[in-house]
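K.L.:
Please read through the structure below; I'll follow up with questions.
The values are calculated or read from the model by the stated rules, or taken from the named source; none is laboratory data. Keep in mind it's a predicted model, so treat the numbers as computed, not measured. As a convention, Cβ positions derive from the backbone with ideal geometry for all residues, glycine included, and neighbour counts pool all protein chains shown. All accessible areas refer to the heavy atoms of the entire protein, side chains included, with ligands and DNA or RNA removed. Shrake-Rupley method; radii C 1.70, N 1.55, O 1.52, S 1.80 Å.
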Amino acid sequence: MRWLVSRTAPVVLALVVGAVVVATTHANPLDAYAALVQGAFGSLEAVSETLAQTTVFIFAGAGLAIAFRAGLFNIGAEGQLVAGALCAAVAGAQLHFPAPIEVVVCVLAGAGGGAIWASIAGILRARYGASEVITTIMLNYIAALGANFLVAGPLRGSAFAPETAAIDPAAMLPPLVPGTRLTIAFPFAIVSAIALWWWLGRSVAGFELRTVGSSERVARYAGISVPRAIMRAMALSGALAGLGGACEVLALFHRFNAQLSPGYGFTSIAVALLARSNPLGVIASGLFFGVLQNGALSMQAQAGISKDLIAIIEGLIILFVSARWIGARLSVRHGGQDAPATEQLAS
Amino acid sequence: MTTSAHPALEARGITKRFASVTANDGIDFDVRRGEIHGLIGENGAGKSTLMNIFYGMLAPDAGTILVNGVPVIFHNCADAMHAGIGMVFQHYLLVERFTVAQNVLLGKEPARGMLVDAGAAAASVADIARRYGFSVDSSAAVETLGVGARQQVELLRVLSREPDIVILDEPTAALSPSEADTLFEVMARLRDRGCAVIFITHKLKEVARVCDRITVLRKGRICGTVDRARADTDALAALIVGDLPAVTTAQAPAPKGKVVLDVVGVHAAGSHASAGLRGLSLDGNAGEIVGVAGVEGNGQLELAEAIFGLRSLTSGRITVDGHDVTHATVPERRRRGIRYVPPDRHGEGLLLDFDAIENAQIGDQGAHRFGLLDNALGRRKAARIATDFALPHYDETSPLRSYSGGMQQKFLIGRETSDVPRVLVVFAPTRGVDVGAAESIYARLREMQAGAACVILFSYDLDEIRRLSDRILVLHGGEIAGELTPDQADDITLGRLMSGAHV
């Protein structure tokens, strides 16, 4: 019970404060939330769309959870997601294999693109001690602007808009529910999150990653190569974000354009924090953000509340999750032990 | 100074329970003006609980606190400070980048308009330091200071509030003998100025030396308060543990086995203000305990880390059983049978947020098939440590943070000795642990010696070194200043070697 309260408190508080914000605009908060839930769950199509929206959050959120557990504040899921999406879109448009192989190749291209993009920050951190917070933020801009340039010029595949050519139909992920955008990407995301959770808890590499995140001194004492663990964690984290981006392309958009991600990589930071950096928890928190994302449109249409309310709630959740962490730090009076911030957030 | 008949601070019938554990059970305790009152007891005897109640961090379930004979209720530390109580904690809370003066006056900086009056701050801190005979430079940044000087900063911070009652929680745990002596002088000066001083420690010799009265706490109860005149260390030890374990001081000198560890002419850079290693050589034989003594910062940590592979050498050679391990990684050295108990169990040897099963696997985590952790082995290993050392309330799935400091240390030693190593490097193995735990740790080190391990014992506790070692090496300035047998190693000889003088 206490567990449930402590895990859901940031969400509840954020929704309450969000309701106050709605009330100040002389609208009824209950109507707003009712419209949001209706939009997310009101029909089979709505549920399918919610789960389709959830997919990218589970992938990128699980990737960030891995980085956070290694003590790395990866702020670059957005850039890694863009890199993965672009690689998957290019592979899907340029390569022509039979269906199952084509899909696998495109998915791997997405994961590889994200992993390479994240590894730039990983190597800079592991080899030269450059803060991954700074480098991943900068790499976000490079990815976004670089992708804009590529789809406007060299990789432009459409006469009407700056976007790549459509991917080979063989690369499109098959739908789970006919007539909707829900594809096998969703169960794939859930399986990936579960696999990551198991790997983190049971494998030697996962143990090494958690040890480095908990204390680099203990890691060195245990004979763990700290640079290797950091590079591995960043690559894996980026691969997951890249998978999220690839699935957006292969399942939903079937091509890459600059409007592909309205900041999913940033929202995924909240997803991972809310899940306390547990890949299993990311499934639940990813679903929550999928509901918000998908319900927002009908909230705006039916209750007349701007979908920007979602951004406010997202910000509040990060605030409340961090507040819990700050509160915990302040209450440890004279503890003397300084744990890295990300590890505190992970616990 | 008032001449009131009341004690400066008094506890009457203090009881404090945590869930099922009674940490303090009807405690009566008092400390008078102009007195140093020693408080000793095993880990978990309830000393910290009582002090936290005195300092307003915990509220007692029953009983009364009196200051100068007047009952008081503290809601927080600020109340306790206001009543004239100051406390120096075991773990220092200092801002590394700030100077000594800035740390001491943190939160009450003398102001000139909107600016901090840095000159007045430095002057007032220097003034307090001079009054109590501190040597610390008030304009030095804390990050450049050693453990002893950092403690002086903590103490200065407390003294800057002009307290009547000063509580020192295990202040000597991390100090070298000379640093401890400086502290004792300060404590004596506090006493002479009419302060009441409560001194918590594990070291019986210290209480017998500096305290006017000594109170022994066991399992949450007071076992007795004795005057210094009637306190000898054996009697105190018996009071602490209930019955004194057999002391195994006089052992037959172990037959000298073959050379296991050979360190030849090693040079290495030092951390912080330490000298590092400057062409140091030593050898260790099978079945031998080699004690390494020295003032902190004379190369002990560097030597221990160099043997275990955590510090690279600029020149020199290290071999184990004839194999050159100079450039070997930590896992390779572990495979050669080197084990290490580091001085900082929290920060280096254990993962306090991880459970016993995972902590038992630190160092051996990579040795298993298919890249998976062997939790079954970890569980068996942890359970064996718990049985061997009789860890109370052992729960394999709770994080090690929930263990007492003594239990954590036993766990660490148990893990590093779960197989008899070839070379066992132990650093300050009984620092901050109680008499009973220290005895079981000594017994384990002897077991390793009997199993033909070469034990290198680094310690700041000279009694410990004398009691366990077959040979004693004294480090000074990153070199071996001398080698002694335990019989030759009296305080004066050791002290001269430690300070760099030739014998």
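K.L.:
Name the residue farthest towards the positive end of the dipole of the protein assembly as shown from the options A:Gly76, B:Gly322, B:Pro392, assuming +1 on Cβ of Lys and Arg, -1 on Cβ of Asp and Glu, about the Cα centre.
P.N.:
In the protein assembly as shown, that residue is A:Gly76.
K.L.:
Something else now. Quick one: net charge around B:Glu162, please, counting Lys, Arg +1 and Asp, Glu -1 for every other residue with C-beta under 11 Å from its C-beta.
P.N.:
+2
K.L.:
Can you pull the mean other chain C-beta count within 10 Å for peptide B:92-99? Mind dumping the intermediate values first?
P.N.:
On the way: counts 2, 4, 0, 0, 0, 0, 0, 0.
Neighbouring Cβ atoms belonging to other protein chains average 1 per residue here.
K.L.:
Check B:Arg218: other-chain or 5+ apart residues with amide H under 5 Å from its amide H, H built from backbone geometry?
P.N.:
Those qualifying (amide H under 5 Å, at least 5 residues apart or on another chain) are B:Cys223.
K.L.:
In Å, what Rg and Dmax follow from the Cα atoms of the protein assembly as shown?
P.N.:
In order Rg, Dmax, the Cα atoms of the protein assembly as shown give 31.5, 99 Å.
K.L.:
Please say if the stretch A:119-252 is rounded, prolate or oblate, where rounded means a/c under 1.5 for a ≥ b ≥ c the square roots of the C-alpha gyration tensor eigenvalues, and otherwise the choice is prolate for a/b larger than b/c and oblate otherwise?
P.N.:
Since a/c reaches 1.5 but b/c is at least a/b, the shape of the stretch A:119-252 is classed as oblate.
K.L.:
Classify the stretch B:305-361 from the C-alpha gyration tensor, please: rounded if a/c falls under 1.5, else prolate or oblate depending on whether a/b exceeds b/c.
P.N.:
Prolate, since a/c reaches 1.5 and a/b exceeds b/c.
K.L.:
Okay, next question. For the stretch B:334-428, what is the relative contact order in percent, using Cα pairs closer than 8 Å and at least 6 residues apart in sequence?
P.N.:
Here the relative contact order equals 49 percent.
K.L.:
Stokes-Einstein at 25 °C, 0.890 mPa s, Kirkwood radius from Cα pairs: D for the stretch B:317-437 in µm² s⁻¹? Write down the numbers at each step before the final one.
P.N.:
Details: Rh = 15.1 Å.
Answer from the Stokes-Einstein relation: 163 µm²/s.
K.L.:
Report the Cα centroid-to-centroid distance between the stretch A:300-318 and the stretch B:443-464 in angstrom, as an integer.
P.N.:
For the stretch A:300-318 versus the stretch B:443-464, the Cα centre distance is 65 Å.
K.L.:
Evaluate the relative contact order of the stretch B:50-195 (contact order divided by residue number), counting alpha-carbon pairs under 8 angstrom at least 6 apart; express in whole percent.
P.N.:
Once normalised by length, the contact order is 27 percent.
K.L.:
Still on this structure, please answer the following. Find the Cα radius of gyration of the stretch B:441-503, compare it with 2.2 N^0.38 Å by division, and give the number to two decimals.
P.N.:
Working: Rg = 12.4 Å, N = 63, 2.2 N^0.38 = 10.6 Å.
This ratio for the stretch B:441-503 stands at 1.16.
K.L.:
Further question on the same structure: Run through the DSSP bridge list for chain B and note the antiparallel percent, rounded to the nearest 5.
P.N.:
Expressed as a percentage, antiparallel bridges in chain B total about 55.
K.L.:
With θ taken as phi - 60° and the coefficients 6.51, -1.76 and 1.60, list the Karplus ³J(HN,Hα) couplings across the stretch A:105-113 in order, rounded to whole Hz; mark glycine and proline as x.
P.N.:
With the stated coefficients, the stretch A:105-113 comes to 4, 5, 4, 5, 4, x, 4, x, x Hz.
K.L.:
Another question about this same structure. Other chains' Cβ within 10 Å of B:346-356 residues: what's the mean?
P.N.:
Values: counts 5, 7, 7, 4, 3, 8, 5, 10, 5, 0, 0.
What the average comes to for B:346-356 is 5.
K.L.:
Right, next: Any chance you could look up the accessible area of B:Glu42 with a 1.4 Å probe, heavy atoms only, rounded to 10 Å²?
P.N.:
Rounded to the nearest 10, that gives 60 Å².
K.L.:
Moving on to the next point. Report relative contact order for the stretch B:156-233 in percent, whole number only (criteria: Cα-Cα under 8 Å, sequence separation at least 6).
P.N.:
27 percent
K.L.:
Same structure again: Kindly report the accessible area of the stretch B:316-444 per residue (heavy atoms of protein chains, probe 1.4 Å, no ligands, DNA or RNA), in Å².
P.N.:
37 Å²
K.L.:
Averaging over all projection directions, find the projected area of the Cα convex hull of chain B and quote it in nm² with one decimal place.
P.N.:
So the Cα hull casts an average projection of 25.7 nm².
K.L.:
OK, next. Calculate, in whole percent, how much of the Cα-Cα pair population of the stretch B:84-159 lies beyond 14 Å.
P.N.:
Details: 1620 of 2850 pairs.
When all Cα pairs of the stretch B:84-159 are counted, 57 percent exceed 14 Å.
K.L.:
Okay, next question. For chain A, set up a GNM with springs between Cα atoms under 10 Å and report which of A:Leu274, A:Leu316, A:Leu145 has the largest fluctuation.
P.N.:
Of A:Leu274, A:Leu316, A:Leu145, the most mobile in the Gaussian network model is A:Leu145.
K.L.:
Heavy atoms only, 1.4 Å probe, whole protein assembly: order B:Phe74, A:Phe160, A:Phe97 by accessible area, highest first.
P.N.:
A:Phe160, A:Phe97, B:Phe74
K.L.:
Classify the stretch A:1-76 as rounded, prolate or oblate from the Cα gyration tensor: take a ≥ b ≥ c as the square roots of its eigenvalues, call it rounded if a/c is under 1.5, otherwise prolate when a/b beats b/c and oblate if not.
P.N.:
oblate
K.L.:
Measure up B:Lys108/B:Lys410; B:Lys16/B:Lys203; B:Lys205/B:Lys381 against 31 Å on the Cα-Cα distance and list the ones that go over.
P.N.:
B:Lys108/B:Lys410; B:Lys205/B:Lys381
K.L.:
Using a 10 Å cut-off around each Cβ of peptide A:280-292, what is the average number of partner chain Cβ atoms that fall inside?
P.N.:
0
K.L.:
Let me ask another. Would you tell me the accessible area of B:His75, worked out with a 1.4 angstrom probe on the heavy atoms of the protein chains, in Å² to the nearest 10?
P.N.:
Estimated to the nearest 10 Å², B:His75 gives 150 Å².
K.L.:
Using alpha carbons only, how many angstrom separate the centre of the stretch B:122-179 from the centre of the stretch B:53-82?
P.N.:
That distance is 25 Å.
K.L.:
Just to make sure I understand: if all protein chains stay in place, what is the order of B:Ile480, B:Ile167 by accessible area at 1.4 Å, largest first?
P.N.:
B:Ile480, B:Ile167
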